[in-house]
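Below: one structure, written as structure tokens.
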Amino acid sequence: MNDRTQLDTLAVHAGFKADPITGAVNPPVYFTSTYIQEEPGKHTGYEYARTQHPTREVLEKAVAELEGGTDGIAFASGCAATSTLIQLLKSGDHVVSFDDVYGGTRRIFEQIYTSLGIDFTFADLSNSDNFDAACTEKTRMLWIETPTNPMLKLADIRELSKRAKERGILVVVDNTFLSPYLQNPLSLGADIVLHSTTKYLNGHSDSVGGIVVTSNPELADRLRFLQNAIGAVPGPMDCYLVHRGLKTLALRMQRHTENAMQLASYLEAHPKVDTLWYPWLESHPQMALAREQTRGGGGMITMTLKGDLENARRFLCAVSIFALAESLGGVESLIEHPAIMTHASVPAKERAQLGISDTLVRLSVGVESVTDLRNDLDQALAAAY
Ligand SMILES: Cc1ncc(COP(=O)(O)O)c(C=O)c1O
């Protein structure tokens, strides 16, 4: 496993040394859809940009290195990566998924692939025994997101991967919330790691993308086949932006984590906050697992407020440094209302079961001054009641 010191250096250098022709320290952005062939079938290894692309390869190599894997395969969005991974399966197969996954992931599973004959069981994988109970003879994939979006529940990747392996089940971990700087699922036994690069990997809220990493050569070959055949690939500029973002991943993740830890402690003690979830706080029911499996709690905080929807609405409208917006993982602090915004596609009954209530708010803590952020939340809470 990469340790923190290695990651500090890797984040800056992964994927690219220098351009061999010019010495440029940043990778060229190749705006091309095709490549000249010397004679039919005699080419440089690059035939068509959906199939091979040099700027994309730099990003793929960099994220693979950061995750401690051998192969990275990039996509046009996190959802495109998710959808392509499900194409590893066939009709009749069954997937066990964490119940509290990102709303868009659940939408892909329930509203697209169920009608194509793939079955999904959503289980609370914060208890590993619920995985055994959900498995059937047809289970081929375990889908973990940890920490989950938005309830910040954790799954024990090592334990679940061990149990899945005994049954020949493929393990996918969505590592979007922590980034490879804070968690490396492959080293804990997962087969595939997925990221929405839109979030921490890019880090500047200026591109949408996805990537998967594996160390299994057969899976890598199949995923490259699917990447080319389905064609949900990212453009060169987006690949460049994410790769540029990676260079400050270590710095950003350190600051996100420090700021979030301080704000979580402050908010938890605030009289208008009802319940707060942050994995590295004593109050989190899985703090021990968090401290064993991850190198830090990351930048996400979820909490319920006292009062009702109207109080939550007033609070969200009163913030001024935090921006009311979907998404997460950028340098700027964002805040949102999952029931109305990111998780609106999850049916109301399931939202209620998961705890996504009307007063639940999710914070993506940025890298600004923590004092300014605390003052902003303080004044917005005062304005909400
Ligand atoms: C945990 C997680 N996985 C996947 C996705 C989907 O990524 P994208 O929006 O890049 O398609 C998101 C988006 O919010 C997410 O939060």
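Among residues of region 105-125 being more than 26 Å from residue 159 (Cα to Cα) and away from the ligand (no atom under 16 Å from the Cβ), the one that is least open to solvent (accessible area, probe 1.4 Å) is 117. Of everything in region 66-92, what is away from the ligand (no atom under 12 Å from the Cβ), open to solvent by 30 Å² or more (accessible area, probe 1.4 Å) and under 17 Å from the mean Cα position of the chain (by Cα)? Give them in sequence order. 68, the sole residue that qualifies.
Run residue 5 past the list (1) exposed (fewer than 11 other Cβ atoms within 10 Å of the Cβ); (2) modelled with pLDDT of 95 or more; (3) outside any loop (DSSP other than H, G, I, E, B) and report the number of the one that doesn't hold. Only one criterion is unmet by residue 5, namely (2).
Being more than 16 Å from the ligand (Cβ to nearest atom) and either without any contact (Cβ under 8 Å) to a residue 12 or more places away in the chain or not aliphatic (A, V, I, L, M) (or both) is a property that does not hold for residue 102. All conditions in (1) within 15 Å of the ligand (Cβ to nearest atom); (2) closer than 18 Å to residue 298 by Cβ hold for residue 156, with the sole exception of (1). Give the residue that is farthest from the ligand (Cβ to nearest atom), with candidates limited to residues of region 159-187 that are of a type in the set (A, V, I, L, M) and assigned to a helix (DSSP H, G or I). Out of the qualifying residues, it is 164. Here residue 241 meets each of (1) within 16 Å of the ligand (Cβ to nearest atom); (2) over 19 Å from residue 143 (Cβ atoms); (3) surrounded by fewer than 24 Cβ atoms within 10 Å (Cβ to Cβ); (4) touching a residue at least 40 places away in the same chain (Cβ under 8 Å) with one exception, condition (4). Given the condition away from the ligand (no atom under 11 Å from the Cβ), among the small types (Gly, Ala, Ser), touching a residue at least 60 places away in the same chain (Cβ under 8 Å) and within 23 Å of residue 295 (Cα to Cα), answer yes or no: does some residue in region 126-147 qualify? Yes, some residue in region 126-147 is away from the ligand (no atom under 11 Å from the Cβ), among the small types (Gly, Ala, Ser), touching a residue at least 60 places away in the same chain (Cβ under 8 Å) and within 23 Å of residue 295 (Cα to Cα). The helices (runs of 4 or more DSSP H) located wholly in region 17-114 that include 2 or more residues which are aliphatic (A, V, I, L, M) occupy 54-67, 78-86. Does region 188-203 contain at least one residue that is modelled with pLDDT of 95 or more, at positive phi and either touching a Cys at 6+ places or on another chain (Cβ under 7 Å) or not in a strand (DSSP E or B) (or both)? Looking through region 188-203, at least one residue is modelled with pLDDT of 95 or more, at positive phi and either touching a Cys at 6+ places or on another chain (Cβ under 7 Å) or not in a strand (DSSP E or B) (or both).
The values are calculated or read from the model by the stated rules, or taken from the named source; none is laboratory data. Predicted, not measured: the structure shown is a model, and the values here were computed from it. With ideal geometry, Cβ positions are generated from the backbone for all residues, glycine too; neighbour counts draw on all protein chains shown. For the accessible areas, the whole protein counts, side chains as well, though only heavy atoms, and no ligand, DNA or RNA atoms are used. Shrake-Rupley method; radii C 1.70, N 1.55, O 1.52, S 1.80 Å.
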